[in-house]
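A.B. asks: Take a look at the following structure, please.
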Amino acid sequence: MTSIFHFAFNVTDLESARRFYGGVLGCREGRSTATWVDFDFFGHQISLHLGKPLATAATGLVGDKLVPMPHFGLILKLTEWKTLAARLQEAETEFVLMPQLRFEGQPGEQWTMFFLDPFGNPIEIKGFRDLDAVYAV
């Protein structure tokens, strides 16, 4: 079964959201009104609504790193992940966790990066050589 994930969350300015999600991340814009806009977030639907973003805190301990919770993101094939990491670096994105390899040589070896959108919403992007390894134990 193939499904598309949908996530709706708040932002404080739709034009800034368009510049970040459409311009920096390269997401295709979908439907919109004066109070929300949809984007194709790498094959999944995100809906950005005007409102107060969720409060977050660096409380998620992964390995020896604290990461912002809650957060959302996606998993890409490693080649796509590297392309996106370069794109974010070229846009001078400030990273919470710089692009890096995590769990090297272990089941679930992955590349990861954390950054915030312009509204403080934390995003994690993971990269795997083999997507079958996502749930490896």
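A.B. asks: If I filter region 34-60 down to residues being of a type in the set (A, V, I, L, M) and touching a strand residue (DSSP E or B) at 6+ places or on another chain (Cβ under 8 Å), which single residue comes out as surrounded by the most Cβ atoms within 10 Å (Cβ to Cβ)?
C.D. replies: First, the residues of region 34-60 that are of a type in the set (A, V, I, L, M): 34, 37, 46, 48, 50, 54-55, 57-58.
Remaining after also requiring touching a strand residue (DSSP E or B) at 6+ places or on another chain (Cβ under 8 Å): 37, 46, 48, 50, 54, 57-58.
Values: VAL37: 22, ILE46: 21, LEU48: 28, LEU50: 15, LEU54: 14, ALA57: 10, ALA58: 14.
If we take residues in region 34-60 being of a type in the set (A, V, I, L, M) and touching a strand residue (DSSP E or B) at 6+ places or on another chain (Cβ under 8 Å), then LEU48 is surrounded by the most Cβ atoms within 10 Å (Cβ to Cβ).
A.B. asks: When the residues of region 22-33 are filtered to those that are assigned to a loop (DSSP other than H, G, I, E, B) and either surrounded by 15 or more Cβ atoms within 10 Å (Cβ to Cβ) or without any contact (Cβ under 8 Å) to a residue 12 or more places away in the chain (or both), which remaining residue is farthest from the chain's Cα centre (by Cα)?
C.D. replies: That would be THR33.
A.B. asks: What pairs come up if the first residue lies in region 124-137 and is more than 11 Å from LEU74 (Cβ to Cβ), the second is of a type in the set (Gly, Ala, Ser) and at pLDDT below 95, and their beta carbons are under 7 Å apart, counting only those six or more places apart or on different chains?
C.D. replies: Going by the 7 Å Cβ cut-off, the qualifying pairs are ALA133/GLY108; ALA136/GLY108.
A.B. asks: Would you be able to tell me the number of residues in region 120-137 that are in a loop (DSSP other than H, G, I, E, B) and among the aromatic types (Phe, Trp, Tyr)?
C.D. replies: The number of residues fulfilling the criteria is 1.
A.B. asks: Here's another thing I want to ask about it. For region 70-119, please list each of the strands (runs of 3 or more DSSP E) lying entirely inside it that holds at least 2 residues being in contact with a strand residue (DSSP E or B) (Cβ under 7 Å, 6 or more places away or on another chain), surrounded by 14 or more Cβ atoms within 10 Å (Cβ to Cβ) and in contact (Cβ under 8 Å) with a residue 60 or more places away in the chain.
C.D. replies: none
A.B. asks: May I pose another question? Limited to region 51-69, what total is found for residues that are out of contact with any Pro (no Cβ under 8 Å at 6 or more places or on another chain) and either part of a loop (DSSP other than H, G, I, E, B) or of a type in the set (Phe, Trp, Tyr) (or both)?
C.D. replies: Matching residues across region 51-69 total 6.
A.B. asks: Search region 8-17 for residues being touching a Ser or Thr at 6+ places or on another chain (Cβ under 9 Å) and surrounded by 13 or more Cβ atoms within 10 Å (Cβ to Cβ), and hand back the single one that is nearest to PRO118 (Cα to Cα).
C.D. replies: Looking at residues that are touching a Ser or Thr at 6+ places or on another chain (Cβ under 9 Å) and surrounded by 13 or more Cβ atoms within 10 Å (Cβ to Cβ), I get LEU14.
A.B. asks: With (1) of a type in the set (Asp, Glu); (2) surrounded by fewer than 19 Cβ atoms within 10 Å (Cβ to Cβ); (3) touching a His at 6+ places or on another chain (Cβ under 9 Å) as the list, and ASP132 as the residue in question, which single condition is left unmet?
C.D. replies: (3)
A.B. asks: Scan region 54-68 and give yes if some residue there is under 14 Å from the mean Cα position of the chain (by Cα) and closer than 24 Å to VAL96 by Cβ, otherwise no.
C.D. replies: yes
The values are calculated or read from the model by the stated rules, or taken from the named source; none is laboratory data. Every value quoted in this text rests on a predicted model; they were computed, and no experiment measured them. Here Cβ is always computed from backbone atoms with ideal geometry, including for glycine, and neighbour counts include all displayed protein chains.
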